[in-house]
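Asks: My structure is below; once you've seen it, I'll send some questions.
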Amino acid sequence: MGFSTDAIHVGQEPDPATGAIIVPIYQTSTYVQEELGKNKGYEYARTANPTRSALERNLACLENGAYAYAFASGMAAINVLMTLLKAGDHVVASQNLYGGSFRLFERVLKDFGLNFSYANTSRLDEVERMIQPRTRLLYVETPTNPVMEITDIAAAASLAHSRGLLLAVDNTFMSPYFQRPLELGADFVLHSTTKYLNGHSDGVGGVIVLNDQAIAERLKFLQNAAGAILGPFDCWLILRGVKTLAVRMRQHDANGRAIAQFLASHPKVRKVHYPGLPTHAQHELARRQMKGFGGMIAFDTGSLENAKAVLRSVRLCSLAESLGGVETLISHPATMTHASVPAEDRERLGITEGLVRISAGIEDVEDLIADLDQALGRISS
Ligand SMILES: *Cc1c(COP(=O)(O)O)cnc(C)c1O
(Lines give C-alpha, C1' and ligand atoms only; values in the text may rest on other atoms or scores of the structure.)
Protein backbone atom coordinates (compact mmCIF):
# COMPACT_ATOMS: atom_id res chain seq x y z
CA MET A 1 0.00 0.00 0.00
CA GLY A 2 0.98 3.62 -0.37
CA PHE A 3 2.49 5.64 2.46
CA SER A 4 -0.68 7.48 3.48
CA THR A 5 -2.83 4.36 3.32
CA ASP A 6 -0.40 2.65 5.70
CA ALA A 7 -0.20 5.73 7.92
CA ILE A 8 -3.98 5.78 8.29
CA HIS A 9 -4.65 2.04 8.59
CA VAL A 10 -1.71 -0.04 9.86
CA GLY A 11 -2.14 -0.82 13.56
CA GLN A 12 -5.34 1.23 13.44
CA GLU A 13 -7.93 -1.39 12.57
CA PRO A 14 -11.40 -0.72 14.07
CA ASP A 15 -11.54 -1.71 17.73
CA PRO A 16 -12.62 -5.38 17.89
CA ALA A 17 -14.70 -4.85 21.07
CA THR A 18 -16.87 -1.95 19.84
CA GLY A 19 -16.05 -1.13 16.23
CA ALA A 20 -14.67 2.27 17.26
CA ILE A 21 -12.81 3.52 14.19
CA ILE A 22 -10.16 5.18 16.34
CA VAL A 23 -7.78 3.11 18.46
CA PRO A 24 -8.91 3.64 22.09
CA ILE A 25 -6.66 5.16 24.72
CA TYR A 26 -6.17 2.13 26.98
CA GLN A 27 -5.64 4.14 30.16
CA THR A 28 -4.91 1.17 32.39
CA SER A 29 -2.00 -0.07 34.47
CA THR A 30 -2.90 -3.75 34.56
CA TYR A 31 -5.09 -6.40 32.91
CA VAL A 32 -7.32 -8.93 34.66
CA GLN A 33 -6.30 -12.52 33.99
CA GLU A 34 -8.88 -15.24 33.40
CA GLU A 35 -7.00 -17.75 35.49
CA LEU A 36 -3.45 -18.28 36.63
CA GLY A 37 -1.17 -18.15 33.59
CA LYS A 38 -4.00 -17.25 31.18
CA ASN A 39 -4.19 -13.68 29.82
CA LYS A 40 -5.11 -11.88 26.59
CA GLY A 41 -1.49 -11.00 25.76
CA TYR A 42 -1.32 -8.13 28.23
CA GLU A 43 -0.26 -8.42 31.87
CA TYR A 44 1.13 -5.08 33.02
CA ALA A 45 1.18 -1.78 31.14
CA ARG A 46 4.93 -1.08 31.38
CA THR A 47 5.46 -4.32 29.44
CA ALA A 48 2.72 -3.70 26.87
CA ASN A 49 -0.30 -1.49 26.26
CA PRO A 50 -2.65 -1.87 23.26
CA THR A 51 -2.48 1.83 22.31
CA ARG A 52 1.32 1.64 22.36
CA SER A 53 1.29 -1.64 20.42
CA ALA A 54 -0.86 0.05 17.75
CA LEU A 55 1.61 2.94 17.47
CA GLU A 56 4.60 0.60 17.37
CA ARG A 57 3.09 -1.45 14.55
CA ASN A 58 2.25 1.71 12.64
CA LEU A 59 5.70 3.31 12.94
CA ALA A 60 7.49 0.04 12.12
CA CYS A 61 5.51 -0.07 8.88
CA LEU A 62 6.15 3.59 7.97
CA GLU A 63 9.92 3.09 8.35
CA ASN A 64 9.68 -0.22 6.50
CA GLY A 65 11.01 -2.08 9.53
CA ALA A 66 9.85 -5.19 11.35
CA TYR A 67 9.88 -3.91 14.94
CA ALA A 68 9.34 -0.58 16.71
CA TYR A 69 9.54 0.43 20.36
CA ALA A 70 8.09 3.69 21.66
CA PHE A 71 9.69 5.64 24.50
CA ALA A 72 8.88 8.58 26.75
CA SER A 73 11.01 10.96 24.66
CA GLY A 74 13.55 10.96 21.85
CA MET A 75 16.29 11.03 24.48
CA ALA A 76 14.82 7.99 26.27
CA ALA A 77 14.92 6.10 22.95
CA ILE A 78 18.56 7.09 22.33
CA ASN A 79 19.49 6.18 25.90
CA VAL A 80 17.99 2.70 25.55
CA LEU A 81 19.72 2.19 22.20
CA MET A 82 23.05 2.90 23.90
CA THR A 83 22.33 0.36 26.64
CA LEU A 84 22.63 -2.33 23.96
CA LEU A 85 26.36 -1.62 24.37
CA LYS A 86 28.69 -2.62 27.18
CA ALA A 87 31.27 -0.72 29.21
CA GLY A 88 34.42 -0.38 27.12
CA ASP A 89 32.55 -0.20 23.81
CA HIS A 90 33.20 2.71 21.47
CA VAL A 91 30.85 4.72 19.26
CA VAL A 92 31.66 6.97 16.30
CA ALA A 93 29.01 9.70 16.11
CA SER A 94 28.28 12.69 13.87
CA GLN A 95 30.19 15.74 15.13
CA ASN A 96 27.21 18.05 14.99
CA LEU A 97 24.65 16.04 16.94
CA TYR A 98 21.43 17.21 18.50
CA GLY A 99 22.63 18.91 21.72
CA GLY A 100 20.74 16.52 24.00
CA SER A 101 22.36 13.49 22.37
CA PHE A 102 25.83 14.99 22.79
CA ARG A 103 25.05 15.81 26.42
CA LEU A 104 23.82 12.25 27.09
CA PHE A 105 26.94 10.72 25.52
CA GLU A 106 29.48 13.06 27.14
CA ARG A 107 27.95 13.77 30.54
CA VAL A 108 26.11 10.56 31.34
CA LEU A 109 27.17 7.52 29.32
CA LYS A 110 30.91 8.23 29.53
CA ASP A 111 30.62 7.64 33.28
CA PHE A 112 29.35 4.14 32.49
CA GLY A 113 32.40 3.27 30.41
CA LEU A 114 31.15 4.00 26.89
CA ASN A 115 33.57 5.90 24.66
CA PHE A 116 32.65 8.33 21.90
CA SER A 117 34.50 9.89 18.98
CA TYR A 118 32.97 12.56 16.77
CA ALA A 119 33.51 12.70 13.02
CA ASN A 120 32.21 14.73 10.14
CA THR A 121 30.13 11.75 8.98
CA SER A 122 29.58 13.36 5.58
CA ARG A 123 33.26 12.40 5.06
CA LEU A 124 33.47 8.66 5.51
CA ASP A 125 37.28 8.59 5.32
CA GLU A 126 37.18 10.58 8.57
CA VAL A 127 34.78 8.03 10.09
CA GLU A 128 37.01 5.15 8.99
CA ARG A 129 40.08 6.66 10.67
CA MET A 130 38.20 6.77 13.99
CA ILE A 131 37.17 3.12 14.08
CA GLN A 132 38.84 1.23 16.94
CA PRO A 133 38.89 -2.46 17.90
CA ARG A 134 35.98 -1.91 20.35
CA THR A 135 33.89 0.30 18.04
CA ARG A 136 30.40 -1.18 17.87
CA LEU A 137 28.17 1.56 16.52
CA LEU A 138 28.16 4.36 13.96
CA TYR A 139 25.62 6.96 15.06
CA VAL A 140 24.52 9.43 12.40
CA GLU A 141 22.16 12.38 12.16
CA THR A 142 21.31 13.47 8.63
CA PRO A 143 20.64 16.23 7.77
CA THR A 144 22.42 17.82 10.72
CA ASN A 145 21.01 20.57 12.87
CA PRO A 146 21.12 23.43 11.95
CA VAL A 147 23.53 23.59 8.98
CA MET A 148 21.87 20.69 7.14
CA GLU A 149 24.94 18.62 6.27
CA ILE A 150 24.09 15.28 4.69
CA THR A 151 25.64 11.86 5.32
CA ASP A 152 25.40 9.23 2.58
CA ILE A 153 23.43 6.58 4.48
CA ALA A 154 24.02 3.72 2.02
CA ALA A 155 27.77 4.37 1.96
CA ALA A 156 27.85 4.71 5.76
CA ALA A 157 26.02 1.37 6.08
CA SER A 158 28.53 -0.35 3.75
CA LEU A 159 31.45 1.02 5.72
CA ALA A 160 29.88 0.14 9.06
CA HIS A 161 29.06 -3.41 8.01
CA SER A 162 32.46 -4.03 6.41
CA ARG A 163 34.00 -3.21 9.81
CA GLY A 164 31.49 -5.14 11.91
CA LEU A 165 29.63 -2.09 13.26
CA LEU A 166 25.92 -1.35 13.38
CA LEU A 167 24.55 1.88 11.91
CA ALA A 168 21.94 4.00 13.71
CA VAL A 169 20.34 7.00 11.98
CA ASP A 170 18.41 9.73 13.76
CA ASN A 171 15.73 10.44 11.13
CA THR A 172 13.87 13.13 13.06
CA PHE A 173 14.49 15.92 10.52
CA MET A 174 13.19 14.09 7.44
CA SER A 175 10.52 11.74 8.81
CA PRO A 176 9.92 8.41 7.04
CA TYR A 177 7.95 10.25 4.37
CA PHE A 178 11.13 11.74 2.92
CA GLN A 179 13.87 9.36 4.06
CA ARG A 180 13.88 5.68 5.06
CA PRO A 181 17.30 4.74 6.42
CA LEU A 182 16.51 1.01 6.91
CA GLU A 183 15.94 0.73 3.14
CA LEU A 184 19.40 2.25 2.64
CA GLY A 185 21.05 -0.33 4.92
CA ALA A 186 20.86 1.24 8.39
CA ASP A 187 20.30 -1.13 11.33
CA PHE A 188 18.35 1.30 13.53
CA VAL A 189 16.20 4.35 12.87
CA LEU A 190 15.44 6.72 15.72
CA HIS A 191 12.97 9.55 16.00
CA SER A 192 12.03 12.20 18.39
CA THR A 193 8.31 11.75 17.65
CA THR A 194 7.94 15.12 19.40
CA LYS A 195 8.73 16.68 16.01
CA TYR A 196 7.20 15.74 12.62
CA LEU A 197 5.61 12.41 13.57
CA ASN A 198 3.39 14.01 16.19
CA GLY A 199 3.48 17.23 14.18
CA HIS A 200 1.26 19.35 16.40
CA SER A 201 3.66 20.43 19.17
CA ASP A 202 1.54 18.78 21.85
CA GLY A 203 3.52 15.77 23.04
CA VAL A 204 7.04 14.47 23.67
CA GLY A 205 8.05 10.96 22.59
CA GLY A 206 10.60 8.76 20.84
CA VAL A 207 10.85 5.55 18.86
CA ILE A 208 13.42 3.02 17.63
CA VAL A 209 12.67 0.96 14.51
CA LEU A 210 14.73 -2.03 13.33
CA ASN A 211 14.64 -5.35 11.44
CA ASP A 212 16.93 -7.69 13.39
CA GLN A 213 14.84 -10.08 15.49
CA ALA A 214 17.48 -10.89 18.10
CA ILE A 215 18.29 -7.23 18.73
CA ALA A 216 14.56 -6.44 18.78
CA GLU A 217 14.07 -9.02 21.56
CA ARG A 218 16.79 -7.31 23.55
CA LEU A 219 15.29 -3.83 22.96
CA LYS A 220 11.88 -5.05 24.07
CA PHE A 221 13.52 -6.46 27.17
CA LEU A 222 15.29 -3.13 27.81
CA GLN A 223 12.10 -1.13 27.20
CA ASN A 224 10.40 -3.10 29.95
CA ALA A 225 13.45 -3.38 32.21
CA ALA A 226 14.35 0.34 32.14
CA GLY A 227 10.71 1.41 31.85
CA ALA A 228 10.90 4.72 29.95
CA ILE A 229 7.75 3.87 28.02
CA LEU A 230 5.42 6.25 26.21
CA GLY A 231 2.05 6.70 27.92
CA PRO A 232 -1.17 5.72 26.11
CA PHE A 233 -2.46 9.26 25.55
CA ASP A 234 0.83 10.34 23.98
CA CYS A 235 0.78 7.23 21.78
CA TRP A 236 -2.74 8.18 20.70
CA LEU A 237 -1.67 11.73 19.82
CA ILE A 238 1.08 10.37 17.57
CA LEU A 239 -1.31 7.87 15.96
CA ARG A 240 -3.54 10.84 15.22
CA GLY A 241 -0.60 12.91 13.97
CA VAL A 242 0.88 10.35 11.56
CA LYS A 243 -2.38 10.07 9.63
CA THR A 244 -1.62 13.46 8.10
CA LEU A 245 2.16 13.04 7.95
CA ALA A 246 2.29 12.86 4.15
CA VAL A 247 0.15 15.95 3.50
CA ARG A 248 1.95 17.86 6.23
CA MET A 249 5.40 16.91 4.95
CA ARG A 250 4.48 17.95 1.40
CA GLN A 251 3.46 21.36 2.70
CA HIS A 252 6.50 21.71 5.02
CA ASP A 253 8.62 20.92 1.97
CA ALA A 254 6.83 23.34 -0.37
CA ASN A 255 7.04 26.12 2.24
CA GLY A 256 10.66 25.23 3.00
CA ARG A 257 11.65 25.52 -0.65
CA ALA A 258 9.84 28.83 -1.14
CA ILE A 259 11.30 30.37 2.03
CA ALA A 260 14.82 29.13 1.20
CA GLN A 261 14.57 30.68 -2.26
CA PHE A 262 13.28 33.94 -0.85
CA LEU A 263 16.11 34.07 1.69
CA ALA A 264 18.76 33.14 -0.89
CA SER A 265 17.78 36.14 -3.01
CA HIS A 266 17.52 38.59 -0.09
CA PRO A 267 20.32 41.21 0.04
CA LYS A 268 20.54 41.10 3.89
CA VAL A 269 21.07 37.31 4.00
CA ARG A 270 24.67 36.07 3.70
CA LYS A 271 24.18 32.33 3.39
CA VAL A 272 21.26 29.89 3.36
CA HIS A 273 21.61 26.26 4.51
CA TYR A 274 18.92 24.20 2.80
CA PRO A 275 19.55 20.91 0.95
CA GLY A 276 16.97 21.81 -1.69
CA LEU A 277 19.03 24.74 -2.98
CA PRO A 278 21.39 23.90 -5.89
CA THR A 279 24.06 25.88 -4.00
CA HIS A 280 24.00 23.34 -1.12
CA ALA A 281 27.29 21.42 -1.25
CA GLN A 282 25.47 18.06 -1.14
CA HIS A 283 22.40 18.92 -3.18
CA GLU A 284 22.89 15.93 -5.51
CA LEU A 285 23.25 13.46 -2.62
CA ALA A 286 20.16 14.99 -0.96
CA ARG A 287 18.17 14.48 -4.18
CA ARG A 288 19.26 10.86 -4.35
CA GLN A 289 18.75 9.94 -0.73
CA MET A 290 15.67 11.97 0.23
CA LYS A 291 12.29 12.23 -1.48
CA GLY A 292 11.97 15.87 -0.41
CA PHE A 293 14.01 18.50 1.39
CA GLY A 294 11.70 19.27 4.29
CA GLY A 295 11.04 22.42 6.26
CA MET A 296 14.28 23.06 8.15
CA ILE A 297 16.28 26.08 6.99
CA ALA A 298 19.14 28.03 8.55
CA PHE A 299 20.39 31.40 7.32
CA ASP A 300 23.18 33.74 8.26
CA THR A 301 22.33 37.37 8.97
CA GLY A 302 25.98 38.35 9.43
CA SER A 303 25.99 39.26 13.14
CA LEU A 304 24.40 38.67 16.51
CA GLU A 305 22.86 42.16 16.31
CA ASN A 306 21.22 41.35 12.98
CA ALA A 307 19.95 37.98 14.23
CA LYS A 308 18.48 39.69 17.30
CA ALA A 309 16.78 42.30 15.12
CA VAL A 310 15.13 39.58 13.01
CA LEU A 311 14.05 37.51 16.02
CA ARG A 312 12.67 40.58 17.77
CA SER A 313 10.72 41.69 14.72
CA VAL A 314 8.97 38.53 13.53
CA ARG A 315 5.24 38.52 14.30
CA LEU A 316 3.93 35.29 12.79
CA CYS A 317 7.01 33.07 13.30
CA SER A 318 7.29 32.13 16.99
CA LEU A 319 10.61 32.33 18.82
CA ALA A 320 10.98 28.84 20.30
CA GLU A 321 13.11 25.70 20.40
CA SER A 322 11.79 22.48 18.84
CA LEU A 323 10.61 21.90 15.28
CA GLY A 324 8.32 19.88 13.08
CA GLY A 325 4.98 21.31 14.17
CA VAL A 326 2.34 22.88 11.94
CA GLU A 327 3.29 26.35 13.19
CA THR A 328 6.49 28.06 12.06
CA LEU A 329 9.19 28.35 14.73
CA ILE A 330 12.29 30.49 14.56
CA SER A 331 15.34 30.21 16.80
CA HIS A 332 18.94 31.26 17.39
CA PRO A 333 21.13 28.13 17.53
CA ALA A 334 24.24 29.81 19.02
CA THR A 335 22.41 30.93 22.18
CA MET A 336 19.56 28.39 22.26
CA THR A 337 19.95 24.81 20.98
CA HIS A 338 23.76 24.97 20.72
CA ALA A 339 24.55 27.22 23.70
CA SER A 340 26.43 24.39 25.43
CA VAL A 341 28.77 23.89 22.44
CA PRO A 342 32.08 25.78 22.97
CA ALA A 343 32.35 28.93 20.82
CA GLU A 344 35.29 27.68 18.73
CA ASP A 345 33.48 24.41 17.97
CA ARG A 346 30.38 26.36 16.97
CA GLU A 347 32.43 28.48 14.59
CA ARG A 348 34.00 25.36 13.06
CA LEU A 349 30.56 23.78 12.60
CA GLY A 350 29.23 26.89 10.85
CA ILE A 351 26.94 27.85 13.74
CA THR A 352 27.76 31.55 13.60
CA GLU A 353 26.39 34.25 15.92
CA GLY A 354 24.29 35.56 13.05
CA LEU A 355 22.72 32.20 12.21
CA VAL A 356 18.93 31.92 12.47
CA ARG A 357 17.03 28.63 12.16
CA ILE A 358 13.51 28.23 10.85
CA SER A 359 11.21 25.24 11.16
CA ALA A 360 8.78 26.10 8.38
CA GLY A 361 5.23 25.27 9.39
CA ILE A 362 2.30 24.72 7.06
CA GLU A 363 0.77 28.22 7.18
CA ASP A 364 0.22 30.10 3.91
CA VAL A 365 3.72 30.66 2.66
CA GLU A 366 3.04 34.23 1.43
CA ASP A 367 2.30 35.18 5.03
CA LEU A 368 5.53 33.58 6.27
CA ILE A 369 7.61 35.29 3.59
CA ALA A 370 5.96 38.66 4.26
CA ASP A 371 6.77 38.23 7.97
CA LEU A 372 10.41 37.37 7.29
CA ASP A 373 10.68 40.19 4.77
CA GLN A 374 9.49 42.84 7.22
CA ALA A 375 11.76 41.38 9.94
CA LEU A 376 14.82 41.39 7.66
CA GLY A 377 13.94 45.01 6.85
CA ARG A 378 14.78 45.90 10.47
CA ILE A 379 18.43 44.98 9.96
CA SER A 380 20.18 48.33 9.93
CA SER A 381 23.51 47.61 8.21
C1 LIG B 1 14.40 16.82 19.56
C2 LIG B 1 15.43 15.87 19.04
C3 LIG B 1 15.90 14.80 19.80
C4 LIG B 1 15.45 14.57 21.24
O5 LIG B 1 14.12 14.26 21.32
P6 LIG B 1 13.18 14.61 22.61
O7 LIG B 1 11.85 14.11 22.17
O8 LIG B 1 13.23 16.11 22.76
O9 LIG B 1 13.74 13.91 23.77
C10 LIG B 1 16.82 13.95 19.23
N11 LIG B 1 17.27 14.15 17.97
C12 LIG B 1 16.86 15.18 17.21
C13 LIG B 1 17.40 15.35 15.83
C14 LIG B 1 15.93 16.09 17.71
O15 LIG B 1 15.54 17.11 16.96
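The values are calculated or read from the model by the stated rules, or taken from the named source; none is laboratory data. Nothing here was measured: the structure is a model prediction, and the numbers come from that model. Positions of Cβ are generated from backbone atoms using ideal geometry, with glycine treated the same way; all protein chains shown enter the neighbour counts.
Asks: Would you mention how many residues in segment 315-330 are farther than 20 Å from Arg257 by Cβ and touching a residue at least 24 places away in the same chain (Cβ under 8 Å)?
Replies: Total satisfying the criteria: 2.
Asks: Which condition breaks for Arg288 when tested against (1) touching a Phe, Trp or Tyr at 6+ places or on another chain (Cβ under 9 Å); (2) under 24 Å from Arg248 (Cα atoms)?
Replies: (1)
Asks: Could I ask something else about it? Here is a check on your reading of the model: is Arg180 of a type outside the set (Ser, Thr, Tyr) and within 17 Å of the chain's Cα centre (by Cα)?
Replies: When the stated conditions are applied, Arg180 passes them.
Asks: May I ask you to verify whether Val80 is touching a helix residue (DSSP H, G or I) at 6+ places or on another chain (Cβ under 8 Å) and either basic (Lys, Arg) or not in a helix (DSSP H, G or I) (or both)?
Replies: Spelling it out, it is not the case that Val80 is touching a helix residue (DSSP H, G or I) at 6+ places or on another chain (Cβ under 8 Å) and either basic (Lys, Arg) or not in a helix (DSSP H, G or I) (or both).
Asks: Here is a follow-up. Report whether or not Thr30 is touching a strand residue (DSSP E or B) at 6+ places or on another chain (Cβ under 8 Å) and surrounded by fewer than 14 Cβ atoms within 10 Å (Cβ to Cβ).
Replies: It is true that Thr30 is touching a strand residue (DSSP E or B) at 6+ places or on another chain (Cβ under 8 Å) and surrounded by fewer than 14 Cβ atoms within 10 Å (Cβ to Cβ).
Asks: Another question about this same structure. Hey, among Ala286, Ala298, Ala320, which residue is crowded, with 21+ Cβ neighbours inside 10 Å, touching a strand residue (DSSP E or B) at 6+ places or on another chain (Cβ under 9 Å) and either within 26 Å of Glu347 (Cβ to Cβ) or modelled with pLDDT under 95 (or both)?
Replies: Of the residues listed, the single one that is crowded, with 21+ Cβ neighbours inside 10 Å, touching a strand residue (DSSP E or B) at 6+ places or on another chain (Cβ under 9 Å) and either within 26 Å of Glu347 (Cβ to Cβ) or modelled with pLDDT under 95 (or both) is Ala298.
Asks: Does Gly88 meet the test of being more than 11 Å from the ligand (Cβ to nearest atom), of a type in the set (Gly, Ala, Ser) and on the phi < 0 side of the Ramachandran plot?
Replies: So Gly88 does not fit the description; no.
Asks: Give all pairs with beta carbons closer than 6 Å in which a residue from segment 193-208 that is aliphatic (A, V, I, L, M) meets a residue that is assigned to a strand (DSSP E or B) and within 12 Å of the ligand (Cβ to nearest atom); count only pairs at least 6 apart in sequence or on separate chains.
Replies: Once the first residue is aliphatic (A, V, I, L, M) and sits in segment 193-208, its partners that are assigned to a strand (DSSP E or B) and within 12 Å of the ligand (Cβ to nearest atom) give Leu197/His191; Val207/Ala70; Val207/His191; Ile208/Leu190.
Asks: Collect the residues in segment 341-375 that are under 20 Å from the mean Cα position of the chain (by Cα) and farther than 14 Å from Leu304 by Cβ, keeping them in residue-number order.
Replies: If the condition is that a residue be under 20 Å from the mean Cα position of the chain (by Cα) and farther than 14 Å from Leu304 by Cβ, then Val341, Leu349, Arg357, Ile358, Ser359, Ala360, Gly361, Ile362 are the ones that fit.
Asks: Taking the condition of being within 11 Å of the ligand (Cβ to nearest atom) and basic (Lys, Arg), how many residues in segment 165-213 meet it?
Replies: 1
Yes/no matrix, rows are residues, columns are (1) hydrophobic (A, V, I, L, M, F, W, C); (2) surrounded by fewer than 24 Cβ atoms within 10 Å (Cβ to Cβ):
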| residue | (1), (2) |
| --- | --- |
| Leu182 | yes, yes |
| Gly203 | no, yes |
| Ile208 | yes, no |
| Asn211 | no, yes |
| Ala216 | yes, yes |
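Asks: Let me ask something else. Test of understanding: among Leu97, Leu138, Leu114, Leu124, which residue is at pLDDT below 95 and within 20 Å of Asp187 (Cα to Cα)?
Replies: From the options Leu97, Leu138, Leu114, Leu124, the qualifying one is Leu97.
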